[in-house]
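This report refers to the structure that appears directly beneath it.
The values are calculated or read from the model by the stated rules, or taken from the named source; none is laboratory data. Note that the coordinates shown come from a computational prediction; the quantities given were computed from them, not determined experimentally. Counting neighbours? That spans all protein chains shown, and the Cβs are built from the backbone with ideal geometry, glycine included. Quick note on the areas: whole protein, heavy atoms, side chains included, nothing else; ligands and nucleic acids left out. Shrake-Rupley method; radii C 1.70, N 1.55, O 1.52, S 1.80 Å.
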Amino acid sequence: MPLPYDSSAAVVLLPPVRGRLTDRKLLRWLSQAQLEALPAPVDPFAQVLGTLGLERPVDGLAALRMWGQTGDPPGTWIAAADPVYMEPQLDRLFLHALGPEEVDKSEMRRLFDALQDTLGADGALGFARLGACGYIRSGRPMVTSQLPAAMLDRQNPKKSMPPAGSAADTLKLTSEIEMTLHAQPVNAERQSHGRPPVNSLWIWGGGYAPERRAVPVPPLYADDPLLRGFWESVYGTARPWPGAIGACLEMASGSFVAEVPAPQDDGTALNGDLLALRNALRSGRLRHAVVISADGLRATLRRSDRFRFWRRTSALLGGAQA
């Protein structure tokens, strides 16, 4: 059920939870909530907007992400073009998303400079990178996938590719990109060190930045540029991740949305963030909260859940999602 934007509520995106919690009291507390397993792949952006009663934009997601990175809406058609390793296996391909921990800024710069020199020299296309994110500018819109590479990691992306009949230009461009990347020395260097090559770009989210419009949303505490770009587009307040849910509770006067980054420890921070949420609910600081984990767990937490003391630890919390 969507949360009213002005309620004392929190929407929190968490890294993987299953099998990582060590505090038995927190496990029992979560088991008292309304738990559900989300179908894969989990779209955190759609989950947040749906919880707030807002629709996920159909196109223009790349423009929103760039907006979140730069603070300004791009004035042309933009698609995201993120580095991936397409692994051939018999009659299928498996996509491996290559984030900033797998492809550093120097490698991204060399690859995108080569693409610009080879495919963008006539000005019809432009290749650019912002941090770990890649983009393609085109004077002519193309049909692209709607899903980012991260949502398709270690999966066969065939079903998420745009139909060949309506996306001939995109598929042709992808082939040209792959031929260009194959010839780049940086990929030979990566393979010599036992690292997968950047042998393709996943093109998705094509479109124009939306017109800015006022939509009531709670404050956002996150570093994700797509979320930040959407908040910019609706005149929302977006601040960087402050380091802990407790800090979000201190800064927010009412409801809020937060995205906890990928874990950097053994789960201690995760336990601390959930403990802060539990204490805020018990004290009445929050009326309810929705927690969505990257491994497909959604928990709707209410203050009254503490009366469900008979519930045992849920099997959904016991291990990683298959």
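Results, tabulated for the structure shown:
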{"quantity": "Condition check for GLU102: out of contact with any Leu (no Cβ under 9 Å at 6 or more places or on another chain), open to solvent by less than 20 Å² (accessible area, probe 1.4 Å), over 27 Å from GLU232 (Cβ atoms) and touching a residue at least 12 places away in the same chain (Cβ under 8 Å)", "calculated": "no"}
{"quantity": "Exclusive hit being within 24 Å of SER160 (Cα to Cα), touching a helix residue (DSSP H, G or I) at 6+ places or on another chain (Cβ under 9 Å) and small (Gly, Ala, Ser), set ALA10, ALA46, ALA63, ALA33", "calculated": "ALA63"}
{"quantity": "Number of the exception - ASP82 against (1) closer than 30 Å to ALA10 by Cα; (2) outside any loop (DSSP other than H, G, I, E, B); (3) acidic (Asp, Glu)", "calculated": "(1)"}
{"quantity": "Some residue of segment 168-183 being under 25 Å from ILE78 (Cα atoms), part of a loop (DSSP other than H, G, I, E, B) and either touching a residue at least 24 places away in the same chain (Cβ under 8 Å) or in contact with a Ser or Thr (Cβ under 8 Å, 6 or more places away or on another chain) (or both)", "calculated": "no"}
{"quantity": "Options ALA299, ALA258, ALA269, ALA262; residue that is part of a strand (DSSP E or B) and either open to solvent by 20 Å² or more (accessible area, probe 1.4 Å) or more than 30 Å from ALA209 (Cβ to Cβ) (or both)", "calculated": "ALA299"}
{"quantity": "Selection count where residues are under 15 Å from the mean Cα position of the chain (by Cα) and within 19 Å of LEU171 (Cβ to Cβ), scope segment 61-82", "calculated": "4"}
{"quantity": "Residue that is surrounded by the most Cβ atoms within 10 Å (Cβ to Cβ), among those in segment 133-162 that are within 16 Å of ASP59 (Cα to Cα) and out of contact with any strand residue (DSSP E or B) (no Cβ under 7 Å at 6 or more places or on another chain)", "calculated": "VAL143"}
{"quantity": "Matching entry among ARG28, ARG56, ARG65 (being of a type outside the set (A, V, I, L, M), within 22 Å of LEU270 (Cβ to Cβ) and either out of contact with any His (no Cβ under 7 Å at 6 or more places or on another chain) or part of a loop (DSSP other than H, G, I, E, B) (or both))", "calculated": "ARG28"}
{"quantity": "Tally, over segment 32-75, of residues that are farther than 30 Å from ARG303 by Cα and either in contact with a Leu (Cβ under 8 Å, 6 or more places away or on another chain) or in contact (Cβ under 8 Å) with a residue 24 or more places away in the chain (or both)", "calculated": "18"}
{"quantity": "Meets criteria (part of a loop (DSSP other than H, G, I, E, B), at pLDDT 95 or above and open to solvent by less than 50 Å² (accessible area, probe 1.4 Å)) for TRP241", "calculated": "yes"}
{"quantity": "Matching residues, segment 163-201, being open to solvent by 60 Å² or more (accessible area, probe 1.4 Å) and within 25 Å of the chain's Cα centre (by Cα)", "calculated": "PRO163, LEU171, GLU178, ARG195"}
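Okay, residues lined up against (1) without any contact (Cβ under 8 Å) to a residue 40 or more places away in the chain; (2) of a type outside the set (D, E, K, R):
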position: LEU147; (1), (2): no, yes
position: GLN155; (1), (2): no, yes
position: LYS159; (1), (2): yes, no
position: GLY165; (1), (2): yes, yes
position: PRO196; (1), (2): no, yes
position: GLU211; (1), (2): yes, no
position: GLY236; (1), (2): yes, yes
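For (1) of a type in the set (D, E, K, R); (2) more than 19 Å from the chain's Cα centre (by Cα); (3) farther than 14 Å from ALA81 by Cα, each residue gets a yes or a no:
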| site | (1), (2), (3) |
| --- | --- |
| GLU102 | yes, no, yes |
| SER106 | no, yes, yes |
| ARG110 | yes, yes, yes |
| ASP117 | yes, yes, yes |
| ASP122 | yes, yes, yes |
| LEU125 | no, yes, no |
| LEU130 | no, no, no |
| CYS133 | no, no, no |
